[in-house]
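Notes follow the structure.
The values are calculated or read from the model by the stated rules, or taken from the named source; none is laboratory data. Quantities reported herein were computed from a predicted structural model and do not represent experimental measurements. Here the Cβ positions follow ideal geometry from the backbone for every residue, glycine too, while neighbour counts run over all protein chains shown. For accessibility, only protein heavy atoms count, side chains too; no ligands or nucleic acids. Shrake-Rupley method; radii C 1.70, N 1.55, O 1.52, S 1.80 Å.
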Amino acid sequence: MAFIIGTAGTAKNTGKTTTTSAILDELYRDNILVGLTSIGYDGEEVDNITGLPKPRLLLKKGSIVATAKKCLAAGSAGYEILESTDIMTPLGKIMVVKITEDGLVVIAGPNKSSELKYILNMLTQKWNCKFIIVDGALNRIAPMVETDGIILATGAAKNTNIEELVRETRAFYELFNLPEVSSEEKKILHEQTKICLVKQDKDIIKTLEYGSLIDKKSADQIIQHIEEINTVYIPALLSENMLRELNQNIGSLWQNKMLVVKDPIKIVAGGNPENIINEINTLLNFGGKVKVLKKLPILAISVNPFYPLYRFEKNNYEAGFVNAEELFIKMKQAVPIPVVDVKRQGVNVLLSLIKAHI
């Protein structure tokens with residue numbers, strides 16, 4: 001079995017590429033065959049907004065990469081084309097290549113979950129990759145459900161207020177690490193594409209019009225049937241406002257009932273993560289449960305004190321930094337998973353996590 005991780009940044013300049021590069025360097029030292037792809041494109045050499053340099057991935061000979069055809073010419077690495085797929089992107093078809101000479105590579109992969117799943121199956125089953133990195137970002141993270149978990153890169157570029165940044169990151173951790181339903185419950189719900197209401201005996205008594213809970217009509221229907229059901233399943237987006245609507249109207253009737261969402265991304269996309277966690281905690285305090293059909297855990301967090309500081313007097317950006325030690329300590333206290341500042345501490349903690357799975 002291959003171990004597949006996603007790397008996602010909460011914003012530009014939070015250190016995702018630096019983290020990925022540091023992981024790759026260590027894996028190469030141990031001669032581990034690495035596969036790489038991405039969700040969409042995030043490989044500019046220079047940040048279009050700030051003008052500050054953006055690193056690209058330096059890949060070693062033997063790496064297997066799935067990237068768009070036009071990206072191949074933009075890099076400096078030598079490569080051999082292993083396979084051309086039928087997956088189209090704005091930068092051409094996705095090609096699977098083997099790196100034959102060390103060099104820089106621009107990676108632009110598929111945008112859809114089904115396409116990413118196809119690529120990952122190919123990298124593991126056909127090209128024998130034991131470890132795969134999927135490069136992504138929170139604003140295009142939906143296909144990450146095909147990975148085994150993510151390393152979240154965050155930092156001052158997202159928010160220079162350390163306290164606020166830590167609270168938000170803790171909320172992300174809690175949302176992505178919501179518990180999964182049982183295998184029996186998965187069998188009942190996994191093929192449902194619309195909101196459905198399930199009785200205690202596992203019979204589905206009602207299927208609503210939409211898959212997402214974003215409108216008051218759907219919320220009202222759930223509220224209307226809440227006393228006769230055991231489970232509410234939402235296969236698509238769950239909005240913060242409609243979850244609040246349910247809590248305000250259902251209240252203590254949540255006792256011994258369960259709200260299930262297909263995966264954490266469907267919750268994260270629904271609003272402010274801290275507000276959503278507050279609503280989930282309200283539901284839990286009423287005696288209910290919140291679970292997901294498929295878990296997508298945050299396995300570790302990398303923190304970056306850097307942010308692009310705008311100088312009005314010069315009309316340009318330069319490097320700014322928050323207190324690195326304070327950021328690291330407060331983040332480490334907030335979440336029960338590995339936290340690392342890659343530039344200050346290296347990636348040994350992350351490497352141990354990865355090697356435990358391959």
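Things worth noting here:
- Scanning the stretch 202-216 for residues that are at pLDDT 95 or above and in contact with a Cys (Cβ under 6 Å, 6 or more places away or on another chain) yields a count of 1.
- Test: residue in the stretch 338-348 that is crowded, with 18+ Cβ neighbours inside 10 Å, part of a helix (DSSP H, G or I) and more than 18 Å from the chain's Cα centre (by Cα): yes
- Of the strands (runs of 3 or more DSSP E) contained entirely in the stretch 61-150, those carrying at least 2 residues that are touching a residue at least 60 places away in the same chain (Cβ under 8 Å) and not small (Gly, Ala, Ser) fall at 131-137.
- So residue 165, is it of a type in the set (A, V, I, L, M), surrounded by 13 or more Cβ atoms within 10 Å (Cβ to Cβ) and touching an Asp or Glu at 6+ places or on another chain (Cβ under 9 Å): no
Here's the yes/no breakdown for (1) of a type outside the set (Lys, Arg); (2) touching a His at 6+ places or on another chain (Cβ under 8 Å); (3) surrounded by fewer than 17 Cβ atoms within 10 Å (Cβ to Cβ):
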residue: 206; (1), (2), (3): no, yes, yes
residue: 226; (1), (2), (3): yes, no, no
residue: 253; (1), (2), (3): yes, no, yes
residue: 256; (1), (2), (3): yes, no, yes
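- Within the stretch 309-325, none of the residues are under 25 Å from residue 179 (Cβ atoms) and surrounded by 15 or more Cβ atoms within 10 Å (Cβ to Cβ).
- Residue 267 being in contact with an Asp or Glu (Cβ under 6 Å, 6 or more places away or on another chain), hydrophobic (A, V, I, L, M, F, W, C), within 30 Å of residue 184 (Cβ to Cβ) and at pLDDT 95 or above: no
- Tabulated pairs, the stretch 217-241, first at pLDDT 95 or above, second aromatic (Phe, Trp, Tyr) and open to solvent by 30 Å² or more (accessible area, probe 1.4 Å), C-beta under 9 angstrom, 6+ apart or interchain: 217/210; 218/210; 236/210
- The set of residues from the stretch 50-72 being modelled with pLDDT under 80 and out of contact with any Pro (no Cβ under 8 Å at 6 or more places or on another chain) comprises 51, 53, 54, 55, 56.
- Subset of the stretch 78-112 that is open to solvent by less than 20 Å² (accessible area, probe 1.4 Å) and among the small types (Gly, Ala, Ser) - its residue that is farthest from residue 139 (Cα to Cα): 78
- Check on residue 304, over 30 Å from residue 183 (Cα atoms) and at pLDDT below 95: no
- Checking each residue in the stretch 4-42 for being open to solvent by 10 Å² or more (accessible area, probe 1.4 Å) and either acidic (Asp, Glu) or modelled with pLDDT of 95 or more (or both) picks out 4, 25, 26, 30, 42.
- Elements of type helices (runs of 4 or more DSSP H) in the stretch 151-259, at least 3 residues being touching a helix residue (DSSP H, G or I) at 6+ places or on another chain (Cβ under 8 Å) and over 28 Å from residue 336 (Cα atoms): 216-225, 240-250
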